1. Among the GluC sites (Glu not before Pro) in the stretch 96-194, which ones are in a DSSP loop with at most 16 other Cβ atoms within 10 Å of the Cβ? Mind listing them?
2. With viscosity set to 1.306 mPa s and temperature to 10 °C, compute the Stokes-Einstein D of the stretch 1-96, Rh being the Kirkwood radius across alpha carbon pairs; µm²/s, no decimals.
3. Have a look at the DSSP beta bridges in the chain and tell me what percent are antiparallel, nearest 5.
4. Can you quote the Å³ per residue value for the convex hull of the Cα atoms in the stretch 6-221, rounded to an integer?
5. Please sort by residue number the trypsin sites (Lys or Arg not before Pro) in the stretch 93-140 whose DSSP state is loop and whose Cβ has at most 14 other Cβ atoms within 10 Å.
6. Using the Kirkwood radius over C-alpha pairs as Rh, can you work out the diffusion coefficient of the stretch 27-67 via Stokes-Einstein at 20 °C, viscosity 1.002 mPa s, in µm² per second?
7. Divide by every residue of the chain the summed helix terms, -39500 (n - 2.57) for each DSSP H run of at least 4, and state the resulting mean residue ellipticity at 222 nm, rounded to the nearest 500 deg cm²/dmol.
8. Rank by packing, highest mean first: peptides 11-23, 73-85, with packing defined as the count of other Cβ atoms within 10 Å averaged across residues.
Amino acid sequence: MADPTPQSWHRVDAYLTDTLVGHEPTLEQAVAQQNAAGLPPIEVAPVNGKLLHLLARISGARRVLEIGTLGAYSTIWLARALPDDGRVVTVEAEPHIADIARANLERAGVAEKVEIVLGRAADVLPTLEGGDPFDLVFIDADKESNTIYLDWAARLGRPGTVVVVDNTVRGGEVANPATENPQIIGVQRGLEMLGRDPRFDATAIQTLDAKGWDGIAVAIVV
Ligand code: DHB
Ligand code: MG
């Protein structure tokens with residue numbers, strides 16, 4: 001088997017997207033609106049959005065917590081996985097980004113299932129204590145805070161809650177013990193926590209898709 005080149009893995013990603021995910025117009029519009037507004041093109045790849053959607057359905061999720069909304073591309077995938085009375089609570093620090101997300105959620109017809117909570121996640125998450133537990137938590141914000149977000153995922157979840165962490169490989173840098181990049185160090189600390197903290201059982205996989213060489217961690221709260 002040949003090793004992947006960027007050209008070959010992008011061709012495979014396009015094939016898998018065409019074959020299994022499709023090109024739903026409101027999802028593609030959400031990305032187009034986000035790009036037109038000048039937000040960074042760092043939403044999850046379509047195959048990854050579909051994976052989040054399937055994980056939510058497989059786990060029977062009704063309440064989803066997303067940390068890091070951006071243009072709400074992944075939020076739409078998650079909201080569409082939920083029953084009519086399901087809810088996504090998504091945390092976004094930047095008001096102008098939340099405005100773009102809200103417009104995309106409305107266009108996608110899922111705005112009534114999504115609550116955008118404005119603020120820095122480390123400030124917002126403690127205010128969510130006391131509600132019904134979340135069934136799935138997707139962590140996709142500033143990587144420096146991954147351990148804080150994982151701690152809140154365990155506290156706001158229940159045994160069986162699914163936790164997904166985006167961007168866990170970062171072009172291979174995750175395996176560089178000498179890195180001085182605070183984002184990579186944040187990813188490493190998060191993965192070490194998932195391996196060591198008895199509240200979690202976890203794995204992570206590398207991904208090669210439209211967003212390059214990266215990965216996701218998937219965990220369950222035990
Ligand atoms: C980047 C990608 C992401 O998915 C993210 O959540 C943050 C940053 C990036 O490529 O820089
Ligand atoms: Mg991400």
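1. Numbers: sites: GLU106, GLU112, GLU115, GLU129, GLU144, GLU173, GLU180, GLU192; in loops: GLU129, GLU180.
Those that pass, being in a loop and sparsely packed, are GLU129, GLU180.
2. This corresponds to a translational diffusion coefficient of 108 µm²/s.
3. Working: 15 of 33 bridges.
Bridges in the chain are about 45 percent antiparallel.
4. Values: hull volume 25.6 nm³, N = 216.
Per-residue hull volume (Cα only) is 118 Å³.
5. Details: sites: ARG102, ARG107, LYS113, ARG120; in loops: ARG120.
In loop regions of the stretch 93-140 (DSSP not H, G, I, E or B), the sparsely surrounded trypsin sites (Lys or Arg not before Pro) are ARG120.
6. Working: Rh = 11.7 Å.
Translational D for this selection: 183 µm²/s.
7. On the way: 8 runs with 86 residues, N = 222.
That comes out to -11500 deg cm²/dmol.
8. On the way: 11-23: 13.2, 73-85: 21.2.
Packing order, densest peptide first, comes out as 73-85, 11-23.
Rule-based calculations on the coordinates, nothing more; no lab input. Because the structure is a prediction, the values reported are computed rather than measured. Cβ sites come from the backbone with ideal geometry, for glycine too, and all protein chains shown count toward neighbours.
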